[in-house]
Amino acid sequence: MASESGRSLSARLAGAGVDRRSFLRFCAGVTATLALPPQLAPKVAYALDSVDRPNVIWLEFQDCAGDSEAFLRSRNPSVADLILGMISLDYHETVMAAAGAAAEKARDDAVAAGGHLVVVEGSIPTGIPGSCTIGGRSAEDILRAAVRGAAGIINVGTCSAFGGIPAAGPNPTGAVRVEDVVSGVEVANLTGCPVNADNLTATIVHFLSFGGFPARDRFSRPLFAYGERIHDTCQRRGHFDAGQFAEQWGDEGHRKGWCLYRLGCKGPSTFHNCPSVRFNGGTSWPVAAGHGCVGCSEPNFWDTMSPFYDRLPHVATSRFDLTADQIGVGVLAATATGFAAHGVGKVVQHKVAARREKQAADRAAEHAEEAERAEEAARQSATAASDTQTGEVK
Ligand code: SF4
């Protein structure tokens, strides 16, 4: 790897106490998260060890710093090591040691070099002149300058991607999304409140391994993370299909882990991989913890998803009516069918959950084994080539 330190990623990781096996396991896991075939895990490992670390500028505007928090508390220490090994985080107001002119210079130097990644957290206030000013420059100016010559923009969280909470009515700051201010640079929107750090890691790995962002939907969200509806992969789905719903917070259904649709869950109209990737080191996610999905990764959140505790068909929306209603009607029909068709919901639920868990475990094991096999084959081939060469010299 032609990094500034002249050391490959694997060498830097070895120096930090991360062994090769852990690195390969990480590559296999991230390949699985990206929904890529396991055969590509060795390519990912090779690419991460061969590319230059990109300069990364992390900008914060109208936000709560929740995405920075998610990033800093990513899955486990070795992943944090990996991230720090893969990128050169040149500017991040919350975590950088430099301040004042030195910090501004670090950012400007990274921009001058070009080919950098810009990570944006928070929406851009356009209704209040001079708001979010840093070093005498407004948020809008800082953003425009930072993306000049950039290789890509990663919007972390719903605020930078769609406007988010600051843009909710009546939007007193005139908050807009990043793509309303700048254009002409490839964008990946990693929505959610906050972003899932594992999805951020996977997107960066894809960028480094394949020279660009993963395939995305019409909202520029990577399909590997936003290609499936939460409702379709939810662990409570068996209860939905069986017509078993929590009706009140703390009632028997709620205590038994039944479906939260009637308590306002927005999972049927939300696309995200929360049920499989989860948060806090894969520990849990809101629906598993007993609260309905609030639809935070969708456009026009929060306006289109509140009131949070109303059922979907009753959600008042100004710009999302058709979709919400259509889904709501579909949900009602499915619910009725569920009541009529299934009397043995628990059995269904257990079977579905067990099948999904087994599939996920099988996939992860398959990816890891494939990576190790490819590594071993490469090692044997290198040894054979070396033996041949030695023989020729003799
Ligand atoms: S309505 Fe919500 S809790 Fe129920 S199955 Fe769908 S996503 Fe899960």
Candidate set: the range 267-280, residues that are touching a Cys at 6+ places or on another chain (Cβ under 8 Å) and farther than 24 Å from S68 by Cβ; chosen: the one nearest to the ligand (Cβ to nearest atom): G267
Scan of the range 95-129 for residues that are over 23 Å from the mean Cα position of the chain (by Cα) and either in a loop (DSSP other than H, G, I, E, B) or not assigned by TED's automatic domain parsing to the domain that holds V187 (or both), ordered by number: A97, A98, A99, G114, T126, G127, I128, P129
Among the residues of the range 20-30, are any part of a helix (DSSP H, G or I), surrounded by fewer than 17 Cβ atoms within 10 Å (Cβ to Cβ) and aromatic (F, W, Y)? no
For G264, the lone unmet condition from (1) more than 10 Å from the ligand (Cβ to nearest atom); (2) on the phi > 0 side of the Ramachandran plot is (1)
Kindly indicate the residue of the range 281-298 that is modelled with pLDDT of 95 or more, away from the ligand (no atom under 11 Å from the Cβ) and part of a loop (DSSP other than H, G, I, E, B) and also surrounded by the most Cβ atoms within 10 Å (Cβ to Cβ) among those meeting that condition. S297
Mind listing just one residue for me: the one in the range 215-252 that is assigned to a loop (DSSP other than H, G, I, E, B) and aromatic (F, W, Y) and, of those, farthest from N189 (Cα to Cα)? W249
Looking at F320, F308, can you tell me which residue is buried (at least 16 other Cβ atoms within 10 Å of the Cβ) and at pLDDT below 85? F320
Applying the selection to the range 182-191, what residues are buried (at least 17 other Cβ atoms within 10 Å of the Cβ) and more than 8 Å from the chain's Cα centre (by Cα)? V182, V187, A188, N189
Please specify each residue of the range 202-246 satisfying the condition of being of a type in the set (D, E) and more than 16 Å from the ligand (Cβ to nearest atom). D217
Any idea how many residues of the range 253-272 are assigned to a loop (DSSP other than H, G, I, E, B), over 26 Å from F224 (Cβ atoms) and of a type outside the set (D, E, K, R)? 3
Failed item, numbered, when C132 is tested on (1) farther than 30 Å from D52 by Cβ; (2) assigned to a helix (DSSP H, G or I): (2)
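The values are calculated or read from the model by the stated rules, or taken from the named source; none is laboratory data. The structure presented is a predicted model; accordingly, all values stated were derived computationally and were not measured. Note that each Cβ is placed from the backbone with ideal geometry, even for glycine, and that neighbours are counted across all protein chains shown.
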